[in-house]
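Trainee: One structure coming up, written as structure tokens, with questions to follow.
The values are calculated or read from the model by the stated rules, or taken from the named source; none is laboratory data. Only a predicted model underlies this, so the values are computations on that prediction, with no experimental measurement involved. In this analysis, Cβ positions are derived from the backbone assuming ideal geometry, glycine residues included, and neighbour counts consider all displayed protein chains. Surface areas here come from the heavy atoms of the whole protein model, side chains and all, with no ligands, DNA or RNA. Shrake-Rupley method; radii C 1.70, N 1.55, O 1.52, S 1.80 Å.
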Amino acid sequence: MTPAFEKLQQHLKQLPGLGYRSSERIALHLLVEKPARLPALVAALEEAAKSVRRCSRCGNLAEGELCGICADERRDHGLVCVVEHVPDLVAIERSGAFRGVYHVLHGKLSPIRGIAPADLNLPSLLERISAAGVRELILALSNDVEGEATCHYLTEHLPKDPPVTATRIGFGLPSGGGVLYADSVTLKSALEGRRSYL
Ligand SMILES: [Zn+2]
């Protein structure tokens, strides 16, 4: 193989879910089998790198200051669903069961892995609650020790006046599983069956 091919493959291999074989296959596909697709892919990567960023309010993907959900006045902005990652938000949106807004933490607290509140999009959630009149948080975090620790931290730090309700989805989700891999029906029942966390 050539040095440029090796370099491309090395970059592909660093992407999630791609190992040595799959990165080699993709590099060969792009350079040898379907080179005509390459300019459009390069242009899409450049455009995405230039225009996609985090929503300043919730942490979702956005192309302006706010994402489409935060900018949508028809949604219930007093009801905030807290998720770990953007794909979790996408999965809940796909279920069609939720008309509130979101807050994406980009991870969860983990003392073992050294992930503290400041490493996550978490301080901004507490500021947002105080400033924006949020009345309920739906904690859609995974059903594991780190998810529990994050829920616990949040409920400990919720503003007392005016009070904020915290509910936790749990019903229907497998133990140790996350939101991302749940099907729409499971997610819908998990949201409807949320319970008080305080
Ligand atoms: Zn947003």
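Trainee: Can Ala36 be described as away from the ligand (no atom under 14 Å from the Cβ), within 28 Å of Val101 (Cα to Cα) and open to solvent by 70 Å² or more (accessible area, probe 1.4 Å)? Talk me through it step by step, then tell me what you get.
Mentor: On the way: away from the ligand (no atom under 14 Å from the Cβ): yes; within 28 Å of Val101 (Cα to Cα): no; open to solvent by 70 Å² or more (accessible area, probe 1.4 Å): yes.
Considered against the rule, which asks whether it is away from the ligand (no atom under 14 Å from the Cβ), within 28 Å of Val101 (Cα to Cα) and open to solvent by 70 Å² or more (accessible area, probe 1.4 Å), Ala36 comes out as no.
Trainee: Separate question: From the list Arg94, Arg128, Arg135, which one is closer than 20 Å to Ala62 by Cα and away from the ligand (no atom under 16 Å from the Cβ)? Break it down into steps so the answer makes sense when it comes.
Mentor: Numbers: Arg128 fails: away from the ligand (no atom under 16 Å from the Cβ); Arg135 fails: closer than 20 Å to Ala62 by Cα.
On inspection, the qualifying residue turns out to be Arg94.
Trainee: Identify, by number, the condition in (1) at pLDDT 95 or above; (2) open to solvent by less than 50 Å² (accessible area, probe 1.4 Å); (3) within 13 Å of the ligand (Cβ to nearest atom) that Gly64 doesn't meet.
Mentor: Among (1) at pLDDT 95 or above; (2) open to solvent by less than 50 Å² (accessible area, probe 1.4 Å); (3) within 13 Å of the ligand (Cβ to nearest atom), the lone unmet condition for Gly64 is (1).
Per-residue answers, yes or no, for (1) under 18 Å from the mean Cα position of the chain (by Cα); (2) of a type in the set (S, T, N, Q); (3) more than 24 Å from Arg75 (Cβ to Cβ):
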site: Asp161; (1), (2), (3): no, no, yes
site: Val164; (1), (2), (3): no, no, no
site: Thr167; (1), (2), (3): no, yes, no
site: Arg195; (1), (2), (3): no, no, no
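Trainee: Do the conditions hold for Leu8, that is, is it assigned to a helix (DSSP H, G or I), open to solvent by less than 50 Å² (accessible area, probe 1.4 Å), over 24 Å from His106 (Cβ atoms) and aliphatic (A, V, I, L, M)?
Mentor: On the way: assigned to a helix (DSSP H, G or I): yes; open to solvent by less than 50 Å² (accessible area, probe 1.4 Å): no; over 24 Å from His106 (Cβ atoms): yes; aliphatic (A, V, I, L, M): yes.
Considered against the rule, which asks whether it is assigned to a helix (DSSP H, G or I), open to solvent by less than 50 Å² (accessible area, probe 1.4 Å), over 24 Å from His106 (Cβ atoms) and aliphatic (A, V, I, L, M), Leu8 comes out as no.
Trainee: Which count do you get for residues in the range 107-133 that are in contact (Cβ under 8 Å) with a residue 40 or more places away in the chain, closer than 20 Å to His77 by Cα and assigned to a loop (DSSP other than H, G, I, E, B)? Explain how you work it out, then say what you get.
Mentor: Of the residues in the range 107-133, the ones in contact (Cβ under 8 Å) with a residue 40 or more places away in the chain are 108-109, 121, 124-125, 128-129, 132-133.
The next check asks that each one be closer than 20 Å to His77 by Cα; those that pass are 121, 124-125, 128-129, 132-133.
Next, from what is left, pick out any that are assigned to a loop (DSSP other than H, G, I, E, B): 121, 133.
Counting residues in the range 107-133 that are in contact (Cβ under 8 Å) with a residue 40 or more places away in the chain, closer than 20 Å to His77 by Cα and assigned to a loop (DSSP other than H, G, I, E, B) gives 2.
Trainee: I'd like the full set of residues that are of a type in the set (Gly, Ala, Ser) and part of a helix (DSSP H, G or I), limited to the range 139-155. Outline the logic, then answer.
Mentor: Initial filter on the range 139-155 (of a type in the set (Gly, Ala, Ser)): 140, 142, 147, 149.
Result: Gly147, Ala149.
Trainee: Another question, if that's okay. State which residue is most open to solvent (accessible area, probe 1.4 Å) when the search covers only the range 67-89 and only residues that are within 13 Å of the ligand (Cβ to nearest atom) and under 21 Å from Asn143 (Cα atoms).
Mentor: So, considering only residues that are within 13 Å of the ligand (Cβ to nearest atom) and under 21 Å from Asn143 (Cα atoms), the one most open to solvent (accessible area, probe 1.4 Å) is Val86.
Trainee: Suppose the filter is open to solvent by less than 60 Å² (accessible area, probe 1.4 Å), away from the ligand (no atom under 14 Å from the Cβ) and at pLDDT below 95; does Gly114 pass it? Step through it out loud before you land on a result.
Mentor: Numbers: open to solvent by less than 60 Å² (accessible area, probe 1.4 Å): yes; away from the ligand (no atom under 14 Å from the Cβ): yes; at pLDDT below 95: yes.
Here the answer is yes, as Gly114 does meet what is asked.
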